[in-house]
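Student: Take this structure, written in structure tokens, and hold onto it; I'll ask about it next.
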Amino acid sequence: MQRRDFITCAGLGTAAAMLPGAAEAARRTAVAMRPAPGRFPEGFWWGAATASYQVEGAAAEDGRKPSVWDTFSHTPGRTKNGDTGDVACDHYHRYEDDVKLLADLGVKHYRFSIAWPRIVPDGRGAVNEKGVDFYKRLVDTLLKHDITPHATLLHWDSPLALEDRYGSWRSREMAKDFADYVTATVNRLGDRIQYWMTINEIMCFTILGYGVGGVPQHAPGTVVKTRKEVQQTIHHALLAHGMAVQAIRAASPTRCNVSLVENLDSCVPVIETPEHIEATKKAFVGEERNGTMLVTALTGKHNPQAWAKLGADAPDVQPGDLDIIGQPLDSLGINLYTGNYVRAADNKQGYEVLPMRESYPKANMPWLNIVPDSIYWAVRLIGDAVGRPDLPVYISENGCASEDVLSPSGEVFDTDRVMYLRSYLRQLQRAAAEGYPVKGYFQWSLMDNFEWSCGYTKRFGITYVDYKTQRRIPKLSYRWYQQVIRENRVL
Ligand code: BG6
């Protein structure tokens, strides 16, 4: 399966979590607070994002023990050119310069992730204070530059020790160990961090980490016998998310903002008419990934038709699990790169997902079809289809890979990335202008980094990294984004 294949399944109506009258009132207030034409709302969060294993390096330093990605990337054949995150961008040692890059860019928000194997190297048990100290240093430097830290507690690099102990996400114990690590982290960093994200993109370490009939693309890279086993890893990850929400709220010394980050399947009506929009709403919640992960976390219920489709492959769910999974959130982080076109259809589910043609415009990644409207629809459908118009959302990742090279003058003219970002941001501005509760935008990524199984062959940064010297060179897109932030509008 490709990195972001759309998984189709039967559609269903929405899981309304709000009374229609209240939803309408919330929308009227939002419309009254619309930004000035062409602009983003006052106080809009402009940000940039990275993740621990992709940038930090220092894999064996200050007590960090291996994550599943260390072993996976060190296994021959798993990543392009056998690349690993051993050194990555050496951010562990260069974080001060990297914060300076953020400050010069003008962002007031930075999303990074905390490496579980730095804080609790064995996955459970003793806390490694030296690992905590790194994040204290990083966060203090951010705060010194007036940049708000947004910390993701798991961006795929779970401790290898738990893989050896019980097969990571195959075991329910993983959720409990994750919650304990979260408690330890928030106890130590909660005085400095108020914005927490539990888990980044559940599908990328479950569906892509456990393969039926072949080695999957991502760590831990475990081959399993049945689809049910894969579904069980998803259930345990959702449970871990819910338990982490409870753990954060219990441990945080101050009021905090808790989110889940999902790379939902964004559906776009192929023609913006009422019938295709209706069909798109059905597809958004009825499609398997959204229906069994996003909808479950936001409403505490599985989408019944998506669930029914799993049949005998549905995971075992214990009484009370759904209440834990559906813990109230303060906001939702949406990682948004691409989308799918949907049209109304005279079939049982009432929609059809259109195939993407070979000639469809793409960024420099096989799965990355350029679908700018997908960002507008993702924001809108959280309210219109999932039934959560009350829930503030922000874009926690958006960006693209491009074939970046240094020009003879030492610059990077990534005009394709500027085009991509500009087109998507125009659509995000449309969502804000129409009153949808979109709070911010984190560009992915501040700098080129270890791109998982693609190693260092793909570059998503707005800053070029020369991996031989670790020199950072702001690209044209960095200059463009800097100006957008300054003027609070798309340029
Ligand atoms: C996001 C991940 O899904 O996509 C990032 O959160 C990742 O970590 C980005 O770098 C780019 O996609 P890919 O396919 O290269 O992982």
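Student: Treating only the Cβ atoms of Lys and Arg (+1) and Asp and Glu (-1) as charged, compute the dipole magnitude of region 343-383 about its Cα centre; round to the nearest 20 debye.
Tutor: 60
Student: A further question on this structure: Heads up, I need the accessible area for Y360: 1.4 angstrom probe, whole protein in place, Å², nearest 10.
Tutor: It works out to around 50 Å².
Student: While we're on this one: May I ask you to derive the FRET efficiency for Q470 and R255 from their Cβ-Cβ distance with R0 = 30 Å, giving the value to the nearest 0.05?
Tutor: Given R0 = 30 Å and the Cβ-Cβ separation, E is 0.20.
Student: Rounded to the nearest 5, what is the percent of antiparallel bridges among the DSSP beta bridges in region 298-453?
Tutor: So the antiparallel bridges in region 298-453 amount to around 35 percent.
Student: Where does each of W377, W367 land when they are ordered by accessible area, with a 1.4 Å probe and the largest first?
Tutor: From most accessible down to least: W367, W377.
Student: Right, another one. With a Förster radius of 22 Å, plug the Cβ-Cβ distance of D62 and D140 into 1/(1 + (r/R0)^6) and report the FRET value to the nearest 0.05.
Tutor: Between D62 and D140 the formula returns 0.85.
Student: Going Cα to Cα from K225, which aspartates and glutamates come in below 18 Å? Please leave out same-chain ones fewer than 8 positions away.
Tutor: Partners within reach: E163, D313, D316.
Student: Could you give the length gained by full extension between V223 and E434, i.e. 0.36 nm per residue of separation minus their alpha carbon distance, to one decimal place?
Tutor: Taking 0.36 nm per residue and subtracting the Cα distance, the gain is 71.4 nm.
Student: Give the long-range amide H neighbours of T152: residues separated by 5 or more places, or on another chain, with amide H under 5 Å away, using H modelled in the peptide plane at 1.01 Å from N.
Tutor: Excluding prolines and chain starts, which carry no amide H, the hits are F112, S113, I114, M197.
Student: A further question follows. Please figure out what share of the DSSP beta bridges in the chain is antiparallel and state it in percent, rounded to the nearest 5.
Tutor: Antiparallel bridges: around 20 percent, rounded to the nearest 5.
Student: Heavy atoms only, 1.4 Å probe, whole protein assembly: order V353, V132 by accessible area, highest first.
Tutor: Result, largest first: V353, V132.
Student: What list of ³J(HN,Hα) couplings, whole Hz, do you get for region 477-489 from phi and the Karplus terms 6.51, -1.76, 1.60, once you set θ to phi - 60° and write x for glycine and proline?
Tutor: Result, rounded to whole Hz: 5, 5, 5, 5, 5, 4, 6, 4, 4, 4, 9, 6, 7.
Student: May I pose another question? Name all residues of region 163-198 having a backbone nitrogen under 11 Å from the label point set 7 Å from the Cα of Q318 along its Cα→Cβ direction, giving them as ranges.
Tutor: Residues 172-176 fall inside that zone.
Student: To continue, here is another question. Hey, rough spin-label estimate for S409 and R486, points 7 angstrom out along Cα→Cβ, what's it come to in nanometres?
Tutor: Those two pseudo-labels are separated by 1.8 nm.
Student: Put +1 on the Cβ of every Lys and Arg and -1 on every Asp and Glu Cβ in the chain; which of I248, T338, G47 then has its Cα farthest towards the positive end of the dipole?
Tutor: Of the options given, the answer is G47.
Student: So if R0 is 56 Å, what FRET efficiency would V87 and E275 give, r being the distance between their Cβ atoms, rounded to the nearest 0.05?
Tutor: 0.55
Student: If you don't mind, there's one more thing I want to ask. 7 Å from Cα along Cα→Cβ at both W367 and D97: what's the point-to-point distance in nm?
Tutor: Reported label-point gap for W367 and D97 is 3.2 nm.
Student: On to the next question. Can you list the residues, at least 5 places off or on another chain, whose amide H is less than 5 Å from the amide H of Q443, using H built in the peptide plane?
Tutor: G47, A48, A49
Student: Further, regarding this structure: For region 299-371, which whole percent of the accessible surface, found with a 1.4 angstrom probe, sits on carbon and sulfur atoms?
Tutor: Its accessible area is 51 percent carbon and sulfur atoms.
Student: Right, next: Tell me the label-point distance for the pair Y360, R192, using the 7 Å Cα-to-Cβ offset, in nm and rounded to one decimal.
Tutor: Each label point lies 7 Å from its Cα, and together they span 4.3 nm.
Student: With the calculation restricted to Cα positions, what are the radius of gyration and Dmax of region 44-108 in angstrom?
Tutor: Rg, Dmax (Cα atoms, Å): 14.3, 44.
Student: Could you go through region 364-378 in sequence order and give the Karplus-derived ³J(HN,Hα) for each residue, using 6.51 cos²θ - 1.76 cosθ + 1.60 with θ = phi - 60°, rounded to whole Hz, and x for Gly and Pro?
Tutor: 7, 7, x, 8, 8, 5, 8, 10, x, 5, 4, 6, 5, 5, 4
Student: For N335, which sequence-distant residues (separation of 5 or more, or a different chain) have an amide H within less than 5 Å of its own amide H, given hydrogens modelled in the peptide plane?
Tutor: Correct list: E262, N263, L264, S396, E397.
Student: While we're here: Figure the gain on full extension for A308 and N347 (residue separation times 0.36 nm, minus the Cα-Cα span) and round it to one decimal in nm.
Tutor: Contour length minus the Cα-Cα distance gives 12.3 nm.
Student: From the Cα gyration tensor of the chain, with a ≥ b ≥ c the square roots of its eigenvalues, which class applies: rounded if a/c is under 1.5, or else prolate if a/b is larger than b/c, or else oblate?
Tutor: Since a/c stays below 1.5, the shape of the chain is classed as rounded.
Student: Might you report the magnitude of the Cβ-based charge dipole of the chain about its Cα centre, with Lys and Arg at +1 and Asp and Glu at -1, to the nearest 20 debye?
Tutor: So the magnitude is around 580 debye.
The values are calculated or read from the model by the stated rules, or taken from the named source; none is laboratory data. Model, not experiment: these values are computed from the prediction. Methodologically, a virtual Cβ is constructed for each residue, glycine included, from the backbone with ideal geometry; neighbour enumeration extends over all protein chains shown. Calculation scope for accessible area: heavy atoms of the full protein, side chains included, ligands and nucleic acids excluded. Shrake-Rupley method; radii C 1.70, N 1.55, O 1.52, S 1.80 Å.
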